[in-house]
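Values quoted throughout were computed directly from the atomic coordinates according to the rules given, and no laboratory measurement underlies them. Bear in mind that the values here come from a model prediction, so they are computed numbers and not experimental data. Reconstructed Cβ throughout: ideal geometry from the backbone, glycine too, with neighbour counts over all protein chains shown.
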Amino acid sequence: MTTQRVTLNGGWIGRPGVPDDDAPGNAATTDLVNILDTVEVPIVVLRRDSLIAYFNNAAAHVLGLSPSDMGRASRDIPVLAGVPRLEEQCALVFADGAETRADFRNGDKSFVVRLSPYSTRDRQITGAVLTFTNVTAFRASLEQAIYERECTKAILNTVAEPLVVLSADQRIQSGNRAFYAMFGVSRDETQGVPLTKLGEGAFDLAPLGAQLNEMLAGSHTFLPVEVDHVSTVRGPRTLILDARPLSLPGHSERRVLVTFQDITARKQAEAAKDLRSEEELRRSEAFLEEAQRLSSTGSFSWRVATNEITWSEELYRIYELPIGVPVTLEMIRTRVHPEDVSLIEKMKLAEKGQGDSGARFEWQYRLLMPDRRIKYLNAVAHAIRDREV
């Protein structure tokens, strides 16, 4: 029995079997076949008429080819017929000698098929060599990476808080959907744009830039920065910026993940609350002032440490002193009857230890007015001692 063979490149290529001593260059051909059979990449050689001239052991094992497939047309063998546009690509190889490639899937395995010209010694293209590179693991890892990237992107786009990734020189690399929506921009419009240009320059703050640089240098933990009057699609907003260093596998360049927290509503609520508190305080003071006026009751406070004396308007009226004039002990003494002890002098006695903190003092004294009128007053006071810090 002789081996099936086809003359290519002036030699013989066939399946190894019984030696054929009549074949020219038989020893060299056998060595070539033996070498190709050790290659783990499936190799198939097609003639110009698309008949199979040769395949190695790897092709037999991986593609399921058998000796009976030798000399058959590629279109008649299911596994080769599955290679996209095989005959068309072979025609291109035969026409200009250029290599072509095709993606091919066989069951659960993925291959990249490379079609190369096979030439004789006189450079005549007599066939095409098909090599099948198994890229299943690579495709699987690539698909997994794409899947994980898409999952990450989907997760980030569901986050209500705007996020943006900055390069080491503080230029925008990418953001999530909330970020682009807040500033009314697209990815293309902001790619590579400095952060300082965002929001009509609201982030062009020296402390912010310095903090980002120090954080990237590893010498400083970023402290959130409050930025007012940031231009957004919803108008001026107050934002709190926070940042964390971001290291990506396989990339030596450090990046920054920046978050934007919109606290405008909170600031407005606090301002409204403060306004209400001020209005309520003014109303309370007005009610107290009116109540004191109707009842001819005045109130006072005396801070011993600073000798600061504060009187209500009604007490100014009772003493018949100009409202708002700073009150001094001498001024009070000009109104108190010489035979009586004034309220401040009474409190001085308490300060010297004649009473306890929180003790209540009540006494009567008289005022002698400049026109010699006499007013009779009843005073009630509480002594309070400040705690040492």
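Just a few scattered comments:
- Here the translational diffusion coefficient of the stretch 159-262 follows from Stokes-Einstein with Rh set to the Kirkwood radius across Cα pairs; for 25 °C and 0.890 mPa s it amounts to 178 µm²/s.
- With all pairs of different C-alpha atoms in the average, the Kirkwood value for the hydrodynamic radius of the stretch 49-137 is 13.5 Å.
- Peptides 235-244, 69-78, 368-377 ordered by packing proxy, namely the average of other Cβ atoms within 10 Å per residue, highest first: 235-244, 69-78, 368-377.
- Its alpha carbons considered, the stretch 80-234 gives a radius of gyration followed by a Dmax of 26.5, 79 Å.
- Two-site label geometry, Arg373 and Thr334: point separation in nm, points 7 Å out along Cα→Cβ: 1.8
- Gap separating the Cα centres of the stretch 190-264 and the stretch 311-333, nearest whole Å: 56
- Normalised by 2.2 N^0.38 Å, where N is the number of residues, the alpha-carbon radius of gyration of the stretch 99-145 equals 1.52.
- If you plug the beta carbon distance of Asp96 and Arg121 into 1/(1 + (r/R0)^6) with R0 = 22 Å, you get a FRET efficiency near 0.65.
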